[in-house]
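Chemist: After the structure tokens below, expect a handful of questions from me.
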Amino acid sequence: MAEQAEDIDDIVDHPTGANSSEHDDEPSSASSKPKNAFAELMAPKRKAPASPEPEKRPKDKAARWRGALVQYINNPSSFGSQVLRVTPNTVLIKDSFPKATVHLLLLPRSEKHYLLRPNEAFADPAFLAIVREEAASAAKLAAAELERLLGSFSVSNKPRLEATDYANRPPGRDYLKEIKVGMHAHPSMDHLHVHIISKDMHSPKVKHKKHYNSFNTEFFIPLVDYPLADDDVRRDVGFQNGNLSKDFKCWRCGKDFGNKFTQLKKHLEEEFEEWKKE
Ligand code: AMP
């Protein structure tokens, strides 16, 4: 089973520094205590910490972390209800650190493709067609789960819930429209995975800038957009790093929160309450 670190970002420093957001209300952690030079001179020398065993070094830990998704492919039955569906082509799981009310990962099982980056893997049209079809089916499952969780709060869903003639129930709210299906431009996990995620970003696991911006800028590439054209700017690493460090924009109303993560999180709570009621 995967190691229980909260997220890959707790282990790996992102090259753009996009992990960090300005925690505008957090005090600085740097200690400014003045030092006493004499006391320091007389104090017993501290031993240098022993260098960790090779397998305990952060780099190795990160590598194991990045490879963790293959376990669901190789041994789906050992993950209980976290695995939702296994087909000859894919394994569908619940994300362990969900960034929204519903967050699933679709893992293609093809060994020929699963270690390729999305741009490379989806250059194979037959493979892309299979993944698209299974992702569409997974999105329906995600929409049904969203309806199960939130359907009773929705005004537009009320006539459907209250209908007594089951055979002629009105359609109700279209929860499929609230689900996004796509890839991160530069995934942090090694094995190919499609995100199937509700739009709300209402989750305690949304903890820093990359968590939010990777789903709410062009860093998130809808599966329908593959294969990307050769000159598509979303292939460009510089462009994508820029997306991760952009100002926070509310996914629903578009309000700009600059670098104020705490304010964004508060606003996301409010938007969630309104969105539920639509
Ligand atoms: P990406 O940035 O596209 O590589 O996203 C990787 C996703 O995998 C994130 O949404 C993580 O929350 C999720 N994740 C990381 N480790 C695991 C794990 N061991 N089991 C299930 N999901 C995971």
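Chemist: Label LYS266 and LYS140 with points 7 Å out from Cα along Cα→Cβ: what is the distance between them in nm?
Modeler: Computed distance between label sites LYS266 and LYS140 equals 4.3 nm.
Chemist: Any chance you could list P(r) for the stretch 183-278, counting all Cα-Cα pairs in 10 angstrom bins from zero, rounded to whole %?
Modeler: Cα pair-distance distribution for the stretch 183-278, in percent: 14, 46, 31, 9, 0.
Chemist: If amide H atoms are built 1.01 Å from N in the plane of the peptide, which residues on other chains or at least 5 residues away come under 5 Å of the amide H of ARG85?
Modeler: Excluding prolines and chain starts, which carry no amide H, the hits are LEU92.
Chemist: Tell me, what HN-Hα J-couplings in whole Hz come from the Karplus equation 6.51 cos²θ - 1.76 cosθ + 1.60 at θ = phi - 60° for each residue of the stretch 181-188, using x for Gly and Pro?
Modeler: Couplings: 10, x, 10, 7, 3, 10, x, 8 Hz.
Chemist: Moving on to the next point. Give me the number: length gained by fully extending ASN168 to SER152, i.e. 0.36 nm times residue separation minus the C-alpha to C-alpha distance, one decimal in nm.
Modeler: Working it through step by step, the gained length comes to 3.9 nm.
Chemist: Ok, one more. If packing is taken as the average number of other Cβ atoms within 10 Å across a peptide's residues, how do 103-112, 147-156 rank, most packed first?
Modeler: In descending order of packing, they fall as 103-112, 147-156.
Chemist: Let me ask you something else. Using a basic spin-label model with each label point 7 Å from the Cα along Cα→Cβ, how many nm lie between ARG160 and LYS277?
Modeler: If labels sit at ARG160 and LYS277, their model points lie 2.0 nm apart.
Chemist: Calculate, for ASN89 and HIS208, the FRET efficiency according to 1/(1 + (r/R0)^6) with r their C-beta to C-beta distance and R0 41 Å; round to the nearest 0.05.
Modeler: Approximately 0.75, to the nearest 0.05.
Chemist: Still on this model: On full extension of the chain, what length is gained from HIS186 through ALA229, given 0.36 nm per residue of separation minus the C-alpha to C-alpha distance?
Modeler: 13.8 nm
Chemist: If you don't mind, another one. Averaging sequence separations of C-alpha pairs under 8 Å and six or more residues apart, then dividing by the length of the stretch 155-252, give the relative contact order as a whole percent.
Modeler: The normalised contact order for the stretch 155-252 reaches 25 percent.
Chemist: If you don't mind, there's one more thing I want to ask. Please compute the length gained on full extension between GLN82 and ASP236, using 0.36 nm multiplied by the number of residues separating them and subtracting their Cα-Cα distance.
Modeler: Between GLN82 and ASP236, full extension yields an extra 52.0 nm.
Values quoted throughout were computed directly from the atomic coordinates according to the rules given, and no laboratory measurement underlies them. No experiment lies behind these values; they were computed from the predicted model shown. All Cβ positions, even for glycine, are placed from backbone atoms using ideal geometry, and neighbour counts span all protein chains on display.
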